[in-house]
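Input: a single structure, listed below in structure tokens.
The values are calculated or read from the model by the stated rules, or taken from the named source; none is laboratory data. On a predicted model such as this, the values are computed, not experimentally measured, just so you know. Virtual Cβ from ideal backbone geometry, glycine too; neighbours counted across all protein chains shown. SASA here: full protein model, heavy atoms, side chains in, ligands and nucleic acids out. Shrake-Rupley method; radii C 1.70, N 1.55, O 1.52, S 1.80 Å.
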Amino acid sequence: MENVVAPKKSLRNISDTNLLLIITIVVFVFMYAMAIICLGSGFLKPQNFFNILNENASLIILSCGMSLVMITGGIDISVGQVTALVCMSCAVLLDKSGGNVVTSICLAVAIGLAFGIVQGTLVAYLEIQPFIVSLAGLFFAKGMTTIVNANPFNVEHKAFVAMRSTRIEIPFMGSYNKKGMYIPAYIEIGVVVAIVVVILLFCLLRWTRIGRNFYAVGGNALSARLLGINVKKTKFIAHLLCSVLAGIGGYVYFMHVGSGSPSHADGAEMNAIASSIIGGTLLTGGVGNIVGTFFGVLSLSTIKNIVSSLGLDEAWWTNITVAFMLCLFLLIQSLVLRRKAGAKK
Amino acid sequence: MTSSRPLSKKPFVQKLIAVTRMQLFIPVMALLLLVIFNLIADPSFFAIKLGYNSANQPVLSGYLITILDYGSELAILAIGMTLVTSASGGQDISVGASIAIAGSVILKVLCGNESRPDHMKAPIIVAFLVACLVAMLFGAFNGSLVAFFKIQPMVATLILFTAGRSIAAWINNNELPIIAEPEFSYFGTFIPGIPIPTPVFIAAACMLIIFLALKFTNLGLYSQAVGINPHSSRLNGINPAVVKLITYMILGLCVAVVGLIKVSRISTINYSVVAKDIEMDAILAVALGGNSLGGGKFSMPASIMGAYIIQFLTTTLYKFNVDSTALPAYKAVVVIILVVLSAPVVREKINQLKKSSSKKSVKEAA
């Protein structure tokens with residue numbers, strides 16, 4: 001399983017992946033509990049938690065894709081701008097070119113697929129550094145978004161608006177407002193998509209050959225090759241999956257905001273990387289977990305929520321706390337890596 | 001590869017291969033392509049005019065001057081970025097955010113707590129030195145994460161990338177101080193009486209300093225040694241952590257210089273826009289120069305040339321009325337072409353093709 005790259009199980013009998021996962025979950029639970037204790041009422045409502053999911057469904061999908069690539073030792077910084085491109089293209093297709101919902105979904109996946117094939121080929125088969133390739137991808141998507149349409153606008157396509165305003169109610173989780181009216185808790189369609197993606201990828205990484213190949217290639221590409229794993233193909237698939245997920249995540253984002261704009265999902269790639277890191281994925285590759293990434297996104301958005309409910313409304317506090325949290329988790333990772341180095345000696 | 005076979009029969013082909021393998025080959029070719037393209041499309045691109053600005057001072061204007069002017073900022077950053085890339089095998093993506101911080105510090109020192117002071121509160125040199133100090137501190141923060149905690153540079157600098165612009169806004173309480181005195185704008189525009197933009201001189205000074213530093217100190221040797229193999233360089237008595245830290249602090253210094261130019265250009269600052277995406281351009285400059293982004297050997301002139309080529313490309317695109325927001329798409333296509341051409345796999349293929357074709361011609365001749 002994921003112990004492929006774990007250190008010897010002598011005294012330290014938890015693998016890196018599990019240790020980092022446990023740290024992430026503990027931090028998230030601790031943070032949420034502290035928020036409930038210190039900030040009270042708002043965080044007690046289940047809807048508050050569901051809102052975090054609603055707002056971050058696309059980020060969850062993007063981060064999952066990012067984790068896949070990071071596990072194989074690569075990186076893809078184009079996902080945020082691909083999201084913006086998907087939003088804009090789908091918006092134009094729906095409102096100006098007379099497309100319907102199904103074609104717009106196909107378009108979103110196709111954009112992801114196109115980016116995946118090009119970037120995957122360049123990274124895996126031409127052996128160009130993933131950072132540079134996806135940097136060019138980021139630039140390209142950014143420029144294309146404004147070439148498709150430069151001005152932001154809201155989509156008024158009826159079927160689409162009906163779909164994006166669909167709310168799935170969760171029984172027994174609702175709350176009563178001040179007048180005593182019952183307000184049911186709800187999630188958006190995007191959350192269902194995100195959870196399906198998380199479950200599918202979790203199974204992929206845990207129980208399939210290609211999933212184990214990801215860990216092996218990221219842990220040590222040379223020995224993976226000696227074991228008979230097709231390293232290039234594995235890397236290609238990881239980048240392909242990441243970009244396709246960026247396409248799907250882009251559509252989920254599109255459903256959440258319901259508009260196209262060049263400034264959509266600005267910096268989402270950095271949030272996705274941060275979530276993956278907080279979730280215990282090492283950028284050196286070989287270590288990571290989709291469940292951890294899921295909790296990474298939740299931790300990141302919980303801390304943002306906490307900061308804004310503390311009354312620190314100035315925009316800079318959010319960024320500074322996120323950066324601080326990233327710093328903290330990086331230091332933890334660094335210590336874990338040292339443990340690994342110590343175990344080898 | 002078949003390169004171990006004696007190829008003395010085909011000196012010309014061999015020479016050709018040797019030329020294509022030279023590091024300056026890619027940047028020179030890129031520059032040539034751009035120049036030829038512009039010559040064909042519109043030769044007036046290369047026209048330089050001597051005009052007078054609003055203050056009735058003689059200034060040179062023209063696309064080439066613009067390239068030199070704005071390319072200089074990039075060239076200064078490329079110097080630091082090359083060293084960082086060489087020593088740590090990664091790139092600093094926080095330079096844009098750090099420029100915002102440095103600019104903000106300069107304005108804070110010059111303006112104090114007023115947003116529109118009549119006079120500067122401190123000499124410019126003091127403000128600049130404070131900015132240098134702050135930028136080097138932030139560089140040291142990045143550097144120590146990379147050097148001592150062994151975090152990948154991209155990720156370590158992600159922290160400052162996320163927080164940098166927020167910190168910059170926080171330093172000045174989100175106000176946008178404006179400096180009215182004309183002396184402050186000399187650094188980013190023109191010094192009265194000299195028709196060449198000042199950033200060109202600043203960049204030239206930086207290049208001279210780095211040239212001397214590389215010539216007379218072990219900076220270049222050490223950073224390359226650390227980049228190629230930190231373990232063996234440690235066995236040779238070099239402390240890899242310290243070398244990495246120093247390269248990040250040098251980059252901090254470069255950032256402070258660019259910060260001064262940036263705020264001087266407009267005499268104020270816009271935290272969310274200043275030096276936006278410049279980190280990407282700086283990294284591309286290093287890559288265009290043919291330097292490995294994985295660390296190790298580097299060529300400083302190639303990087304600096306890469307910086308000016310990026311600016312050349314940007315200006316060319318602007319000239320053809322490409323919308324500034326659509327610019328990245330075109331840049332990306334050019335970058336992909338260049339990177340694909342310089343990829344080792346592709347180069348090998350090209351070389352093989354050349355060899356086989358020359359073999360055929362030899363056979364035919366026989």
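Given a Förster radius of 41 Å and the C-beta distance between B:LEU50 and A:LEU113 as r, what FRET efficiency does 1/(1 + (r/R0)^6) yield to the nearest 0.05?
0.15
Provide the per-residue ³J(HN,Hα) series for the range B:205-217, in order, calculated from phi with Karplus coefficients 6.51, -1.76, 1.60 and θ = phi - 60°, each as a whole number of Hz, with x at glycine and proline positions.
With the stated coefficients, the range B:205-217 comes to 4, 4, 5, 4, 4, 5, 4, 5, 4, 6, 6, 9, 10 Hz.
Charges on Cβ only, +1 for Lys and Arg, -1 for Asp and Glu, centred on the Cα centroid of the range A:14-339; of A:ALA274, A:TYR182, A:VAL336, which one is farthest towards the dipole's positive end?
Highest projection toward the positive end goes to A:VAL336.
Using unit Cβ charges (K, R positive; D, E negative) and no other charged atoms, how large, in debye to the nearest 20, is the dipole of the range B:64-301 about its Cα centre?
Around 620 debye, computed over the range B:64-301.
Could you check the simple spin-label distance between B:ALA41 and B:LEU341, using points 7 Å along Cα→Cβ, in nm with one decimal?
So the two model labels end up 1.6 nm from each other.
With every protein chain left in place, what is the accessible area of B:HIS231 in Å² (1.4 Å probe, nearest 10)?
120 Å²
Sequence-distant or interchain residues sharing an amide H contact under 5 Å with A:PHE153, placed H: which?
Under 5 Å from the amide H of A:PHE153: A:GLY260.
For A:LYS45, B:LYS244, give the ranking by accessible area with the largest first, probe 1.4 Å.
Heavy-atom accessible area, descending, gives A:LYS45, B:LYS244.
Most fluctuating residue of B:ASN218, B:ASN172, B:ASN270 in a GNM of chain B with Cα springs under 10 Å: which is it?
Of B:ASN218, B:ASN172, B:ASN270, the most mobile in the Gaussian network model is B:ASN218.
Under a 5 Å amide H to amide H cut-off, with H placed in plane at 1.01 Å, what residues pair with B:VAL59 once short-range neighbours are removed?
Here B:GLY51, B:TYR52, B:ASN53 satisfy the definition.
How far is it, in nm, from the label point at B:MET29 to the one at B:ASN174 when both lie 7 Å from their Cα along the line to the Cβ?
So the two model labels end up 5.1 nm from each other.
Pop out the ³J(HN,Hα) list for the range A:205-218 in order, Karplus 6.51 cos²θ - 1.76 cosθ + 1.60 with θ = phi - 60°, rounded to Hz; leave Gly and Pro as x.
6, 8, 10, 10, 5, 5, x, 5, 4, 3, 4, 5, 5, x
In the range A:124-168, which trypsin sites (Lys or Arg not before Pro) are in a loop and have at most 16 other Cβ atoms within 10 Å, using DSSP for the loop call?
In loop regions of the range A:124-168 (DSSP not H, G, I, E or B), there are no sparsely surrounded trypsin sites (Lys or Arg not before Pro).
Report the accessible area of B:PHE12, computed with a 1.4 Å probe over the heavy atoms of all protein chains in place, in Å² rounded to the nearest 10.
Its accessible surface works out to 150 Å², give or take rounding.
Name the aspartates and glutamates eligible as straight-distance cross-link partners of A:LYS158: C-alpha to C-alpha under 16 Å, and not fewer than 8 places from it in the same chain.
Cα-Cα hits under 16 Å: A:ASP95.
Could you tell me how far the Cα centroid of the range A:81-144 sits from the Cα centroid of the range B:89-103, in Å?
Taking the Cα centre of the range A:81-144 as reference, the centre of the range B:89-103 is 28 Å away.
What net charge do the residues around B:ALA100 carry, taking every other residue with its C-beta under 10 Å from that of B:ALA100, with Lys and Arg at +1 and Asp and Glu at -1?
Neighbourhood net charge equals +3.
Taking the Cα centre of chain A as origin, work out the dipole magnitude from +1 charges on Lys and Arg Cβ and -1 charges on Asp and Glu Cβ, in debye rounded to 20.
Here the size comes out at about 1240 debye.
Hey, which of these cross-link pairs are over 30 Å Cα-Cα: B:LYS150/B:LYS276; A:LYS304/B:LYS331; A:LYS142/A:LYS233; A:LYS96/A:LYS142; B:LYS244/B:LYS349; A:LYS235/B:LYS15?
Checking Cα-Cα distances, A:LYS304/B:LYS331; B:LYS244/B:LYS349; A:LYS235/B:LYS15 exceed 30 Å.
How large is the dipole of the protein assembly as shown about the Cα centre if only Lys and Arg carry +1 and Asp and Glu carry -1, each at its Cβ, rounded to the nearest 20 debye?
In total the dipole reaches around 3020 debye.
Where is the GNM fluctuation largest for chain B (alpha-carbon springs, 10 angstrom cutoff): B:VAL134, B:VAL126, B:VAL263?
Result for chain B, Cα springs under 10 Å: B:VAL126 fluctuates most.
Mind giving me the FRET efficiency for B:GLU114 and B:ILE350? R0 is 56 Å, r the Cβ-Cβ distance, nearest 0.05 is fine.
0.35
Can you give the Kirkwood hydrodynamic radius of the range A:14-339 from its Cα pairs, in Å with one decimal?
Every distinct Cα pair counted, the radius reaches 20.3 Å.
Just checking the output field for A:69-82: average partner chain Cβ neighbours within 10 Å of each residue's Cβ?
Partner Cβ neighbours, averaged per residue: 1.
Rounded, prolate or oblate: which fits chain B, taking a ≥ b ≥ c as square roots of the Cα gyration tensor eigenvalues, rounded meaning a/c under 1.5, else prolate when a/b beats b/c?
Oblate is the answer for chain B, as a/c is 1.5 or above yet b/c matches or exceeds a/b.
What FRET efficiency, computed as 1/(1 + (r/R0)^6) with R0 = 41 Å and r the Cβ-Cβ distance, is obtained for A:TYR182 and A:VAL161, rounded to the nearest 0.05?
0.95
Per residue of the range B:154-165, what does 6.51 cos²θ - 1.76 cosθ + 1.60 with θ = phi - 60° give for ³J(HN,Hα)? Whole Hz please, x for Gly and Pro, Karplus curve as stated.
Ordered by residue, 3J(HN,Hα) equals 3, 7, 4, 7, 4, 4, 6, 4, 6, 8, x, 5 Hz.
Which one, A:VAL287, A:ILE36, A:GLY65, projects farthest toward the positive side of the charge dipole computed for the protein assembly as shown from Cβ point charges (K/R +1, D/E -1)?
Result: A:VAL287.
By the gyration tensor of its Cα atoms, with a ≥ b ≥ c the square roots of the eigenvalues, what is the shape of the protein assembly as shown: rounded for a/c under 1.5, prolate for a/b over b/c, or oblate?
Taking the square roots of the gyration eigenvalues as a ≥ b ≥ c, the protein assembly as shown is rounded.
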